[in-house]
Amino acid sequence: MGDDKNKTAFLQAPNIPRKTSPGNADAVLLAIYPPGPGMGRRFALNKSEHVVGRLEELDIPLEGDGLSRRHARIYRDQLGWWIEDLGSTNGTHVNEVRITKQLLNDGDALRCGVAICKFLSGDNIEAAYHEEIYRMSVTDGMTGVHNKRFFLEFLEREVAGALRQQTPLSLVMIDIDHFKKINDTHGHLAGDAALKELCRRLKPRIRTTDLLARYGGEEFGAVLPQTPRDGAMQIAEVLRELVAAEPFSYEEIKIPATISLGLATLEPGGEAMTPTNLIAKADANLYEAKRSGRNRVVG
């Protein structure tokens with residue numbers, strides 16, 4: 001353990017994993033984050049013990065910052081499959097709870113550094129695998145909100161519907177203020193934790209008819225169908241206040257944070273805008289919110 005901590009740099013890039021065959025395994029690990037060549041690969045748990053880490057020769061070599069050489073082991077006994085941390089520098093988490101050793105359940109999310117895998121077991125591994133692959137295609141693996149691809153498709157459909165039905169539609173672009181400073185001061189794992197906490201706070205305030213998605217980096221978009229400008233401004237202010245009210249937490253660290261928001265609205269009888277125009281206008285207002293002091297809504 002001590003040797004590993006001396007030699008493992010925080011946030012050091014690991015090797016790219018090999019792909020394994022599911023064989024006759026009764027459980028698999030599916031790599032769901034970070035994006036890249038390794039995303040979507042599955043590793044068959046077809047031995048009594050497997051080691052997870054950044055070394056290419058391991059059973060389960062993963063991509064992502066913060067991985068130790070030999071990060072964790074997954075093993076089976078009469079109770080089922082377990083994961084045990086091997087004294088890693090950045091810890092092993094199951095469903096975002098740091099663990100020393102944990103019995104695994106079907107669907108658990110395992111995180112080593114920033115690398116996230118989904119544990120799948122039982123009689124429907126193939127069905128669960130394909131369902132998870134689809135979910136990965138439309139979801140951001142780290143934050144759990146929809147990804148940019150789904151956001152653009154959703155916005156295009158909703159803009160077409162709003163123009164056809166002559167109903168309002170608003171778009172709010174959201175950006176964490178001074179996010180680079182969070183990364184530089186506390187590390188990229190703390191930055192990732194801030195992104196997750198942001199989404200955890202915002203999602204309950206987004207209506208079922210709306211969409212919250214990660215647009216890229218620390219920028220998010222909220223599509224608000226059938227919402228005029230005044231209603232969208234109220235929603236945006238609620239979101240802003242939610243973030244400013246309480247610092248983000250990472251391990252024992254409290255990280256004060258705020259967000260800036262830019263708003264654009266497609267109004268019946270108003271200026272005709274394409275999805276691209278709407279994003280550009282919301283982004284311009286987001287830039288103005290940043291320029292004029294941050295922690296505010298402009299629209």
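Read-outs: derived from the displayed coordinates by stated rules, not from any lab. Here the structure is a predicted model, which means the values were calculated and not measured. In this analysis, Cβ positions are derived from the backbone assuming ideal geometry, glycine residues included, and neighbour counts consider all displayed protein chains.
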What is the magnitude of the charge dipole of the chain about its Cα centre, with +1 placed on the Cβ of each Lys and Arg, -1 on the Cβ of each Asp and Glu, and no other charges, expressed in debye to the nearest 20? 340
Read phi for every residue in the stretch 33-38 and hand back ³J(HN,Hα) as whole Hz from Karplus 6.51 cos²θ - 1.76 cosθ + 1.60, θ = phi - 60°, with x for Gly and Pro. 7, x, x, x, x, x
Only loop residues by DSSP count here, and only those with at most 13 other Cβ atoms within 10 Å; note down the GluC sites (Glu not before Pro) in the stretch 81-171 that meet that. Glu96
Using Cα pairs under 8 angstrom and six or more residues apart, how large is the relative contact order of the stretch 148-292, in percent? 35
Cα gyration tensor, the stretch 140-299 - rounded (a/c under 1.5), prolate or oblate: prolate
Enter the Cα centre distance for the pair the stretch 247-284 and the stretch 66-107, rounded to the nearest angstrom. 37
Which pairs in the list Lys203/Lys281; Lys118/Lys281; Lys47/Lys180 are over 32 Å apart, alpha-carbon to alpha-carbon? Lys118/Lys281; Lys47/Lys180
Descending semi-axes in whole angstrom, ellipsoid equivalent of the stretch 199-285, from the Cα gyration tensor: 27, 14, 11
Hey, can you grab everything whose amide H is under 5 Å from the amide H of Phe248? Only 5+ residues off in sequence or another chain; H modelled, so Pro and N-termini drop out. Ile255, Ala257
Considering the options His50, Val114, Met273, tell which one lies farthest towards the positive end of the dipole of the chain, charges being +1 on Lys and Arg and -1 on Asp and Glu at the Cβ, about the Cα centre. Met273
Relative contact order of the chain, pairs being alpha-carbon contacts under 8 Å that are 6 or more residues apart, as %: 14
Taking amide H positions as placed 1.01 Å from N in the peptide plane, with prolines and chain starts having none, which residues 5 or more places from Ile60, or on another chain, fall under 5 Å of its amide H? Val51, Gly53
Could you tell me which of Val138, Val297, Pro204 has its Cα farthest along the dipole of the chain towards the positive end, charges placed at Cβ (Lys, Arg +1; Asp, Glu -1), taken about the Cα centre? Val297
Could you give the C-alpha radius of gyration of the chain expressed as a fraction of 2.2 N^0.38 Å, taking N as the number of residues it contains? 1.11
Relative to 2.2 N^0.38 Å, what does the C-alpha radius of gyration of the stretch 82-168 come to as a ratio? Two decimals please. 1.52
Integer Hz, Karplus 6.51/-1.76/1.60 couplings in order for the stretch 141-148, x for Gly and Pro: x, 7, 8, x, 8, 5, 9, 4
So what are the ³J(HN,Hα) numbers for the stretch 237-247, from phi and the Karplus equation (6.51, -1.76, 1.60; θ = phi - 60°), rounded to whole Hz, Gly and Pro as x? 5, 4, 5, 4, 5, 4, 6, 5, 5, 8, x
Could you tally the net charge around Phe154, taking each other residue with its Cβ under 12 Å from the Cβ of Phe154, Lys/Arg +1 and Asp/Glu -1? -1
